[in-house]
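Chemist: Before we start, here is the structure in question, set down as structure tokens.
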Amino acid sequence: MALSEFLQELDALKSDASQRFEEASTQEGLESARVEFMGAKQGKLKATQKQMGTVDKADKPMAGKKLNEVKSAIDSAFEAAQSRLQAGAGGGADSAKGPRFDVTVPGATVQLGRLHPITQTIEELKDIMGRLGFSVVEGPEIEDVWHNFEALNISPEHPARDPLDNFYIGLAQATNNEPRLLRSQTSTVQIRVMEKTKPPIRIISLGRVYRPDEVDATHYPMFHQMEGLLIDQRVTMSDLKSVLRLFATSYLGGDVHIRFRPSFFPFTEPSVEADYYWDGRWVEFGGAGMVDPAVLTAVGYDPEQVTGFAFGLGIERLCMMRHNIRDIRHLFNNDTRFLSQF
Ligand code: PHE
């Protein structure tokens, strides 16, 4: 065989083999192409190699050199095809063994959480009161007798201190007659703020309070209150009424009517129950009044110099009225079918 013919045959073999390797789309296809070209017994490369015996002796070095080149070119074409199939098995990034990514499979829905309706109400109340100039303060939920009763002018004999009406903590072990309790009202925060701050004061405090009430549609042993406190010179009852009315119209919308009924709290004088006219009836929203001089004295203020008002509203009731929720237990059962409506 002439040298040129042999060289041509090698070139043809090289491009055939490369093409077949490149076209192989499965491991099986690539393997059969490998056997066809590189097979040790019947492979086409082997057959061509055998023909070298018929090339002129003088041309043999040239033919051998070309044969080696073609052999290694075919080898690398095979290796390239093999790594292409391995890497490409997952459509790109995945390994050949991993599952293929099927873009037609429906995705899993991500369940987004949301704020609890009470939390949403609290945020809105802070917003409204913030616009009226009240800043937010917090107080502890575990209180001492001074802040929950004493400083609020609630005397030792007062029924509000009854162990049956409060969650005292470790009453039996209490030393120095200083038991602690879960606060029964947010009015505790009034005392804490006035003890630390000079007037004028204009704050609200929103948080949990605890009372051992029987659970029913309107009672729960834990609920939330918004306490308000304003102390300054010459503060009057009409300031209290204006603030509560502005609050009501902002929160409930429209021109909401409000009414004061005489009441009694040891820490305010005079004291009132505040009602809002809502949905055709009067609804009680909480207690309020002018801060009692005894309380101002207890925190070191001079009742001749400053006066102020305080109020305490039930947050659950505000939330339930607005959303037409009829049973307070819905708010704390944590049933997502209920909660996801808000
Ligand atoms: N602390 C009272 C209650 O829990 C409400 C209140 C607050 C009344 C402030 C007057 C002034 O019932």
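Chemist: Quick one: which of 245, 261 is within 29 Å of residue 159 (Cα to Cα) and either open to solvent by 60 Å² or more (accessible area, probe 1.4 Å) or without any contact (Cβ under 8 Å) to a residue 24 or more places away in the chain (or both)?
Modeler: Of the residues listed, the single one that is within 29 Å of residue 159 (Cα to Cα) and either open to solvent by 60 Å² or more (accessible area, probe 1.4 Å) or without any contact (Cβ under 8 Å) to a residue 24 or more places away in the chain (or both) is 261.
Chemist: Would you mind listing the strands (runs of 3 or more DSSP E) fully within the range 185-298 where at least 1 residues are touching a helix residue (DSSP H, G or I) at 6+ places or on another chain (Cβ under 9 Å), over 27 Å from residue 119 (Cα atoms) and polar (S, T, N, Q)?
Modeler: Ranges flagged: 268-278.
Chemist: Also: Of 269, 304, which residue is of a type outside the set (A, V, I, L, M), modelled with pLDDT of 95 or more and within 16 Å of residue 229 (Cα to Cα)?
Modeler: 269
Chemist: I've got another one for you. So residue 110 clears everything in (1) over 26 Å from the mean Cα position of the chain (by Cα); (2) not in a helix (DSSP H, G or I) except one condition, right? Which one?
Modeler: Checking residue 110 against (1) over 26 Å from the mean Cα position of the chain (by Cα); (2) not in a helix (DSSP H, G or I), the one that fails is (1).
Chemist: Another question about this same structure. Run residue 35 past the list (1) in contact with a helix residue (DSSP H, G or I) (Cβ under 9 Å, 6 or more places away or on another chain); (2) modelled with pLDDT of 90 or more and report the number of the one that doesn't hold.
Modeler: It fails just one condition, (1).
Chemist: Now for a separate question. Among what's in the range 211-230 and is under 19 Å from residue 143 (Cβ atoms) and hydrophobic (A, V, I, L, M, F, W, C), pick the residue that is farthest from the ligand (Cβ to nearest atom).
Modeler: It comes out as 222.
Chemist: Do we have any residue at all in the range 175-189 that's assigned by TED's automatic domain parsing to the domain that holds residue 286, in contact with a Leu (Cβ under 7 Å, 6 or more places away or on another chain) and in contact (Cβ under 8 Å) with a residue 60 or more places away in the chain?
Modeler: Taking every residue of the range 175-189 in turn, at least one turns out to be assigned by TED's automatic domain parsing to the domain that holds residue 286, in contact with a Leu (Cβ under 7 Å, 6 or more places away or on another chain) and in contact (Cβ under 8 Å) with a residue 60 or more places away in the chain.
Chemist: Taking residue 270, is it surrounded by fewer than 19 Cβ atoms within 10 Å (Cβ to Cβ) and in contact with a Ser or Thr (Cβ under 8 Å, 6 or more places away or on another chain)?
Modeler: No.
Chemist: Of the residues that make up the range 327-337, is at least one in a loop (DSSP other than H, G, I, E, B), closer than 25 Å to residue 128 by Cβ and modelled with pLDDT of 95 or more?
Modeler: yes
Chemist: Is there any pair with a first residue in the range 31-49 that is touching a residue at least 12 places away in the same chain (Cβ under 8 Å) and closer than 17 Å to residue 6 by Cβ and a second that is of a type outside the set (Lys, Arg) and open to solvent by 60 Å² or more (accessible area, probe 1.4 Å) whose Cβ atoms are under 6 Å apart and which are 6 or more apart or on different chains, and what are they?
Modeler: So the pair list comes out as 48/9.
The values are calculated or read from the model by the stated rules, or taken from the named source; none is laboratory data. Just so it is clear, the structure is predicted and the values come from calculations on it, not from any experiment. No Cβ is skipped: glycine too gets one built from the backbone with ideal geometry, and neighbour counts run over all protein chains shown. Just the protein is used for accessible areas: all its heavy atoms, side chains included, with ligands, DNA and RNA removed. Shrake-Rupley method; radii C 1.70, N 1.55, O 1.52, S 1.80 Å.
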